[in-house]
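Quick notes on the structure that follows.
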Amino acid sequence: MKNPIQAFLEWYRSLALGQRQYLAHMYIVLTTRNTADFVLAREASPERFERHVVKQDFPVRMVAKMMAVRAIIDFIFINRELLHRKIPGAPFVADIAEKQWRKGLESWKILRSMELSDFYTNLWLKSELMTENGFDK
């Protein structure tokens, strides 16, 4: 069974660089407590975002983190026009073609309905907890 974090990273890394930069930057801006992050260089955002996503933790916390990432990525896709106008550092969204956005959104919907679905993440979590407790998968 594929780890939901790994599935997310495979999807994220398949996106065009500009789209990865935008999603990472917006995620950071929307979740940070440090206002200096609003001016984080777009080139630095993907690496920082990936470090956050891959940080190891207990399986329950890893699933909870992925649910938060999933919700925020949904929010970014749904509200990208509004975010483009209202969030510092968002203007580079104009660099990303509409066709690229649609392609990214379609692949996101597939990932979200599969490896990031509530059902799948619940099964993965149960499997991990069983392994942790000495039961075979």
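Values in this text are rule-based calculations from the coordinates and carry no lab data. Predicted model, so just to flag it, every value in this text is computed and none were measured. For neighbour counting, all protein chains shown are included, and Cβ atoms are generated from backbone atoms with ideal geometry for every residue, glycine included.
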Task: Exceeding the 25 Å Cα-Cα cut-off - candidates 55/99; 55/103; 2/65 - done: 55/99; 55/103
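Might you report the magnitude of the Cβ-based charge dipole of the chain about its Cα centre, with Lys and Arg at +1 and Asp and Glu at -1, to the nearest 20 debye?
Here the chain has a charge dipole of around 240 debye.
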- [ ] For each of 27, 120, count neighbouring Cβ atoms within 10 Å of the residue's Cβ, then give the residues from fewest to most.
- [x] 120, 27
Task: Which of 23, 121, 54, positive extreme of dipole for the chain (C-beta unit charges) - done: 23
Task: Total charge dipole magnitude, the stretch 1-62, about the Cα centre, Cβ charges on Lys, Arg, Asp, Glu only, Debye to nearest 20 - done: 100 debye
TODO: Counting other beta carbons within 10 Å of each Cβ, put 57, 74 in order, fewest first.
DONE: 57, 74
